[in-house]
Amino acid sequence: MKRTVLKIGGVLLACILLFGALFAITRLLMPKYRETSVEGSLTAEYYRDTTPHDVLFIGDCEVFSNFSPVTLWNEYGIPSYIRGSAQQLVWHSYYLLEDALQTETPKVVVYNVLALKYGEPQSEAYNRMTLDGMRWGKAKTGAIKAGMTEGEDFMSYVFPLLRFHARWSELGSEDFAYWFKAGEPVSFNGYLLRTEVRPATETPLPPVLKDPHLPETSMAWLEKTAALCKENGIDLVLIKSPSIEPYWYPEWDADVAAFAEAHGLWYVNMIEQNDAIGIDMQTDTCDMGQHLNVYGAEKLSRWFGSELKTRYALADRRGDEALDAAYRTLTERYETEKLRLTEGN
Amino acid sequence: MLFTSWAFLLFLAVLVPLYYLVPKRVQWIVLLLADAVFVGFAGVRGAVYMVVTIVTVYAAARGFDALFRRQRETVAAMKATHTKEERKKARLGFEKKRRAVLILCLCVNVGILFVLKYGAAIGRLSAAWLHTPAFGADLTLTMGISFYTFSSIGYLLDVYRETIPAEKNPFRLALFVSFFPLLVQGPISRFDLLGRQLNAPHSFSGERFLSGALRIAWGYWKKLIVADRLLVAVKALCARPAVYRGDFVFVEMLLYAACLYADFTGGIDITIGIGEWFGVTVEENFFRPYFSKSISEYWRRWHITLGEWFKRYVYYPLSVSKPMRTLSQKSRRLGVGVSRRLPVYLATLLVWALTGAWHGSNWTFLVWGVLNGVVILLSEEMKPLYARFHARFPGLTNGACYRGFTVIRTILLLSSLRLLDCYATVKEAFSAFFSMFTTWNWGAVFRGGIQSLGLSWADYGAAFAGVLCMFALSMAQRKGPIRKRILSHGTVCSVCVLLLLIGTILVFGRYGFGFDAGQFIYNRF
């Protein structure tokens, strides 16, 4: 009897050791997204911010590069967060919103429409950057299943070691430095601060569209997103962030405008508002018109904050002690980083 | 359903507990249903061919049984009333009928295999030479057909020779023919060794389960850490025969030797381990083949069951067949040595040509097979010369160095022959082989060339470490089976080894997104 117990105990201990070792190895091998492809950190960082948000931005790089929650707070007292990551597709956006609604209910959801042009899964690498950081639950399961590319499998999301095991040969210092440590957030409430100025030199000719309309799949996900907002009493705002490239076709614009009209939503194509906002693609872009730098993002946030306040009667939350404290810390970190990067340029 | 797929692991995870949970008398039915699922996953076409094999082989074997019984009854009844000559005539009549049934059944089964294996190639040749419209392009081998057809034919011939009785239950025969672990890449099994075990009831044994798990894990280890890694470089080298010449070919030979060994033995390890999980001992297919001191020894230790099959069902019957005996008699005037050798050598060459042809429809396989036979016969002919040499230099040939030399010589020789397996045409293979002696680019491989093959230095390092582990294990196995020694250290030690294997596979294996942890090399034969 004693021998059997010892045997079972030994086997259990060996299993615990193996699982412990595999857990540690998985942590080591998973990309940390600290120095390169930092966008990969954005999804997970959302859970570190415990303050409530009146405005939640949803979308791809055009939200995490172009809107500054720090400006929105300091100018209008609007607490906000950006749930965006690189090439975040429409189904990702839907499930990330559903995931956010588990813990908070914003008053306004700002939805960037660029990703509507993709009706099919695009890239495994971007899928991983968007989804690996998401907390487990119905939303994450749905997001994974909705958009796996060929060759991806669900198990590798459950056990990321199955996906990232081959990184053993490319481990770098950041992998060890952030093995068990989260480190400082790379974003400012989901905003990735960039100070480089790379002016837009020319407007590239857009390729001819095979199908002038946005894919039906995308529109169906947008429909679901609108329904989810309605169900939760949230005002949904559709935006097209200002950019020169990728080209935003008038046909797509018409599709979104029609959708907005049919659902009684505000849709604003900010490309057409460049002058009103004050965006200058010679000074306000960090990559020749694809994304805004911090100067452009601050201009855009100032303009958009004013619009939001007027249209949705958002309260000025400055004076709330907890929020004041949180945003003071955030602003300090933001200004320090802005200065550091500006000097670095 | 690939061995390396999640679906297969899930399939096993459901099947093994189910097998031991059901009453023992229906265990074989569970296995048969599992076979049906496994075969079904591979496609309906394959299932149909398999059913044809099962039905025809069952019917023929039962036919033999009936004819034997009737023969015995008839001859016994004739004993008092008929002469010896008449009884012999009656016996011959039954023999004729049995032979007719055998030939018919062989025609059907070998015919299916032949058409699927060579149909496309014949279609291409016909189009090229006779300018007929191309045909047979859609004829492809179905899963395991080369293996189960040979196993079935073995069973049929054993019943024909009255070595074993015919199985009365067609479903029990179906279980032998379709046993799923053997469908991927063999081994080619015998009914008297495997069939009875499959149909017998089995109780769960923790130790046997652990032993099987160790074997399975070691198989995956070899496949995913070594074979699939090296295969990337081998494929890259074979794909550009005009570019990769000289020392690249030498490296390719060695990489392919390691890759094929890890792939084939890895798959067989998984098969044998799965067999153990169901209480079945599957025949070993390898016996440390790379320690062979000659090609003929190598072939007694590599793909043992295929060699045994050809020996048992082709070579021996052919050597003592009437035409061979006649040939031997007629060649007596050329000398006793010639008359003794001729049938043996002819049978050897024919068996090797068939072995080559079994591997595929490409000419490279046929040439590879015949060359193997030629090398074996040459070695046989040169034995007296070697004996004289050994007698002259006993000190030189007795040491470990000489043994090492013979082992390396064998590896290089068989690796050279295997170049025919790597290239698309015989010409390319020979050209690559001779380039080792004509293209003097020694060192080009290590001056960056090797990194252009799709693997990083880290990958080569992992593969090399894997090969070293396999070598060390083979060395250790000379003192007895490793698993037995591990298991003798107790459950905890065995579980630790198992977990270590699983852990290293999970980290260093080539699987998952971006990798092609594909089918086993021998599955395409």
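The values are calculated or read from the model by the stated rules, or taken from the named source; none is laboratory data. Keep in mind that this is a model prediction, so the values were computed, not measured. Backbone-built Cβ (ideal geometry, glycine too); neighbour counts: all protein chains shown. Accessible surface areas use protein heavy atoms only, side chains included; no ligands, DNA or RNA. Shrake-Rupley method; radii C 1.70, N 1.55, O 1.52, S 1.80 Å.
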query = Mind listing P(r) for region A:183-232? All alpha-carbon pairs, 5 Å bins, whole percents.
reply = 4, 12, 8, 9, 11, 17, 21, 14, 4, 0
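Can you classify region B:6-201 as rounded, prolate or oblate using the Cα gyration tensor, where a ≥ b ≥ c are the square roots of its eigenvalues, rounded means a/c under 1.5, and otherwise it's prolate if a/b beats b/c and oblate if not? Kindly include the intermediate steps, with their values, before the conclusion.
Values: a/c = 3.51, a/b = 1.23, b/c = 2.84.
Oblate, because a/c is 1.5 or more while a/b does not exceed b/c.
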inquiry  = I'd like the FRET efficiency for residue B:439 and residue A:51, computed as 1/(1 + (r/R0)^6) with the beta carbon distance as r and R0 of 56 Å, rounded to 0.05.
reply    = 0.20
key: Relative contact order (percent, whole number), region B:1-156, Cα cutoff 8 Å, 6+ residue spacing   = 22 percent
request  = Starting from the Cα-Cα distance between residue B:132 and residue B:86, subtract it from 0.36 nm times their residue separation and give me the gain in nm to one decimal.
outcome  = 11.2 nm
key: Taking chain B and dividing mean pair separation by its residue count, relative contact order in percent (alpha carbons under 8 Å, at least six apart)   = 19 percent
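For an R0 of 35 angstrom, estimate the FRET efficiency from the Cβ-Cβ distance between residue B:95 and residue B:339 and round to the nearest 0.05.
For R0 = 35 Å, the calculated efficiency reads 0.75.
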message = Check which residues have an amide H placed less than 5 Å from residue A:239's amide H, if you skip close sequence neighbours.
response = A:111, A:112, A:113, A:268
query = Relative contact order, percent, of chain A when contacts are C-alpha pairs under 8 Å separated by at least 6 residues?
reply = 25 percent
note = Once the in-chain neighbours fewer than 8 apart are removed, the lysines whose Cα is under 20 Å from residue B:479 read B:293
Amide hydrogen neighbours beyond the local backbone of residue A:191, cut-off 5 Å, H modeled = A:82
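For n ≥ 4 DSSP H runs only, could you compute -39500 (n - 2.57) per run for chain A, divide by its residues and tell me the 222 nm figure to the nearest 500?
Numbers: 15 runs with 162 residues, N = 345.
Computed ellipticity for chain A at 222 nm equals -14000 deg cm²/dmol.
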task = Round to the nearest 0.05 the FRET efficiency obtained for residue B:163 and residue A:171 when R0 = 45 Å and r is the Cβ-Cβ distance.
result = 0.15
task = Mind jotting down the distance between the C-alpha centroids of region A:266-293 and region A:200-224, whole Å?
result = 19 Å
ask   = Going by a 1.4 Å probe on protein heavy atoms, which residues of region A:148-181 end up with at least 40 Å² less accessible surface in the whole assembly than in their chain alone?
value = A:162, A:165, A:168
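Give me the extension gain from residue B:243 to residue B:115: residue separation times 0.36 nm, minus the current Cα-Cα distance, reported in nm with one decimal.
On the way: separation 128, 0.36 × 128 = 46.08 nm, distance 3.55 nm.
My answer for the length gained is 42.5 nm.
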ask   = Taking a 1.4 Å probe, which of B:114, A:57 shows the most accessible area, and what order do the others take after it?
value = B:114, A:57
Among B:287-300, B:385-398, the order from most to least packed when residues are scored by Cβ within 10 Å on average = B:287-300, B:385-398
remark   = Whole-Å distance linking the alpha carbon centroid of region A:156-178 with that of region B:24-63 is 44 Å
remark   = Applied in sequence order to region A:68-76, the curve 6.51 cos²θ - 1.76 cosθ + 1.60 (Karplus, θ = phi - 60°) yields integer Hz couplings, x standing for Gly and Pro, of 10, x, 5, 5, 4, 6, 5, 8, 10
query = For chain B, what is the mean residue ellipticity at 222 nm derived from helices alone (per DSSP H run of n ≥ 4: -39500 (n - 2.57); sum divided by total residues; nearest 500 deg cm²/dmol)?
reply = -23000 deg cm²/dmol
request  = Using per-residue counts of other Cβ atoms within 10 Å, averaged over each peptide, order A:198-211, A:67-80, B:491-504 from highest down.
outcome  = A:67-80, B:491-504, A:198-211
remark   = Mean-square fluctuation maximum in Gaussian network of chain A, Cα pairs under 10 Å, restricted to A:335, A:223, A:98, hits A:335
task = Determine the distance separating the Cα centre of region B:280-340 from the Cα centre of region B:443-463; give it in Å without decimals.
result = 40 Å
request  = Report, to the nearest whole %, how much of the accessible area of region B:293-422 belongs to carbon and sulfur atoms, 1.4 Å probe, protein only.
outcome  = 67 percent
key: Estimated distance in nm for a label pair at residue B:464 and residue A:198, the labels positioned 7 Å out from Cα along Cα-to-Cβ   = 3.9 nm
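Considering only Cα-Cα distances, which of the following residue pairs are longer than 20 Å: A:140/A:224; A:7/B:223; A:138/A:224; B:311/B:383; B:89/B:330; B:96/B:322?
A:7/B:223; B:311/B:383; B:89/B:330
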query = Ranked by accessible surface with a 1.4 Å probe, highest first, in what order do A:286, B:238 come?
reply = B:238, A:286
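Could you provide, to the nearest whole Å², the per residue accessible area of the protein assembly as shown with probe 1.4 Å?
The answer is 47 Å² per residue.
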task = Determine the total buried accessible area between chain B and chain A, counting protein heavy atoms only with a 1.4 Å probe; round to the nearest 100 Å².
result = 1700 Å²
ask   = Hey, what does the equivalent ellipsoid look like for the protein assembly as shown, semi-axes from the Cα gyration tensor as sqrt of 5 times each eigenvalue, largest first, whole Å?
value = 68, 31, 28
query = Can you give the net charge of the other residues whose Cβ lies under 11 Å from the Cβ of residue A:95, counting K and R as +1 and D and E as -1?
reply = +3
inquiry  = Can you compute the label reach from residue B:25? Point 7 Å from Cα along the Cβ direction, backbone N cut-off under 20 Å, restricted to region B:152-180.
reply    = B:168-173, B:175
message = What does the C-alpha gyration tensor say about the overall shape of region B:293-422? Classify as rounded when a/c is under 1.5, otherwise prolate if a/b is larger than b/c, or oblate.
response = oblate
ask   = Among the helices of chain B (complete DSSP H runs), which have Cα atoms covering no less than 20 Å along the helix axis and a Kyte-Doolittle mean of at least -1.0?
value = B:6-21, B:27-42, B:44-78, B:84-125, B:145-160, B:206-221, B:247-277, B:336-359, B:363-381, B:400-422, B:457-477, B:491-508
Contour excess over end-to-end distance, with Cα ends at residue B:332 and residue B:209 and 0.36 nm allotted per residue = 38.4 nm
message = Once you order the gyration tensor axes a ≥ b ≥ c over the Cα atoms, which shape class does region A:31-344 get: rounded for a/c under 1.5, otherwise prolate or oblate by comparing a/b with b/c?
response = rounded
